[in-house]
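Comments concern the structure below.
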Amino acid sequence: MSNAVLSQLVEALRSGAVRVVDLTQPLGPDTPVIELPPIFASSPGFSMEVISRYDDKGPAWYWNTIHLGEHTGTHFDAPVHWITGAQLPDNTLDKIPASKLIGPACVIDCSKEAEADNDFLLTREHVLAWEAAHGRIPPGSWLLMRTDWSKRKGREAFLNIRADGAHSPGFTPDCVRFLAFERDVLGVGVECVGTDAGQAASFDPPFPAHNIMHGSGRFGLASLTNLDQLPPTGAIVIAAPLKIVEGSGSPARVLALVP
Ligand code: MN
């Protein structure tokens, strides 16, 4: 049975009946990184220096050294990232079972709402309305929030920071609880710099997509793109972070298989 499934998949990939959509942003020195209040340590962006490039340091080969914070660009958040997940088993990148890095995608289109209101928050009611149209979210799914935020060009528009902090869409605490405990999702994925709304420091609890998701052993995906190319259901997401020992997160090449 499994052999037939995989043979059909290979054929579908070859014929184009199943497409591979890249949900990953390019990773480079211009990749925006989340900004924290100055009392906290900040995470460095991406930088790279050449080790050798077909020169006297290495006449036939080209390679670089890279330097970056774990949570840079399109990346995966592990449960250990938040203090609520600090004591859970298998909470670091090297311990998460590989089987949890693949799951069906449920994509909720919030692009119009996020354009009208940069602080738009997805609620339980929004998710229930989506389910009425598309069916119940299966356990072990990625819940992906499409906002078209990845189409914002440049750091300023992407981070959208004003005098009172960042303004970007996210989830209500009640919605995160619902997704975690009543739908058993793998985690949430967003197009913004982090899984929580820009104003989520003031929520109860603060940063619910971190606090509640990671506190219950679930994951996050941030800075995704091309969510507008996914159907509401039917795609499979492969989100594979680096297997960093004790790692709290890592840039990931996030791919979707789309019928
Ligand atoms: Mn992160």
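A few notes on this one:
- Pairs, first within 12 Å of Met213 (Cβ to Cβ) and part of a loop (DSSP other than H, G, I, E, B) in the stretch 80-91, second away from the ligand (no atom under 14 Å from the Cβ) and of a type in the set (Ser, Thr, Tyr), C-beta under 9 Å, six or more apart: Leu88/Ser216
- Enumeration of residues in the stretch 16-39 that are at pLDDT 95 or above, within 23 Å of the chain's Cα centre (by Cα), exposed (fewer than 13 other Cβ atoms within 10 Å of the Cβ) and of a type in the set (A, V, I, L, M, F, W, C): Val20
- Qualifying residues in the stretch 99-110 (those that are assigned to a helix (DSSP H, G or I) and touching a residue at least 40 places away in the same chain (Cβ under 8 Å)) - the one farthest from the chain's Cα centre (by Cα): Lys100
Let's see how each residue does on (1) open to solvent by 10 Å² or more (accessible area, probe 1.4 Å); (2) within 16 Å of the ligand (Cβ to nearest atom); (3) within 16 Å of Ile102 (Cβ to Cβ):
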position: His214; (1), (2), (3): no, yes, no
position: Ser223; (1), (2), (3): no, yes, no
position: Leu230; (1), (2), (3): yes, no, yes
position: Ala239; (1), (2), (3): no, yes, yes
position: Ile244; (1), (2), (3): yes, yes, no
position: Gly247; (1), (2), (3): no, yes, no
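- Single residue of the stretch 1-57 satisfying the filter (in a helix (DSSP H, G or I) and of a type in the set (S, T, N, Q)) that is nearest to Phe207 (Cα to Cα): Ser2
- Any pair with Cβ under 9 angstrom, 6 or more apart, that starts in the stretch 200-220 at a residue that is charged (D, E, K, R) and ends at one that is away from the ligand (no atom under 15 Å from the Cβ) and open to solvent by 40 Å² or more (accessible area, probe 1.4 Å): Arg218/Asp184
- Out of Phe207, Phe203, sole residue that is within 15 Å of the ligand (Cβ to nearest atom) and among the aromatic types (Phe, Trp, Tyr): Phe207
The values are calculated or read from the model by the stated rules, or taken from the named source; none is laboratory data. Everything numeric in this text was worked out from a predicted model, so none of it was measured. Positions of Cβ are generated from backbone atoms using ideal geometry, with glycine treated the same way; all protein chains shown enter the neighbour counts. Heavy atoms of the whole protein, side chains included, go into the accessibility calculation; ligands, DNA and RNA do not. Shrake-Rupley method; radii C 1.70, N 1.55, O 1.52, S 1.80 Å.
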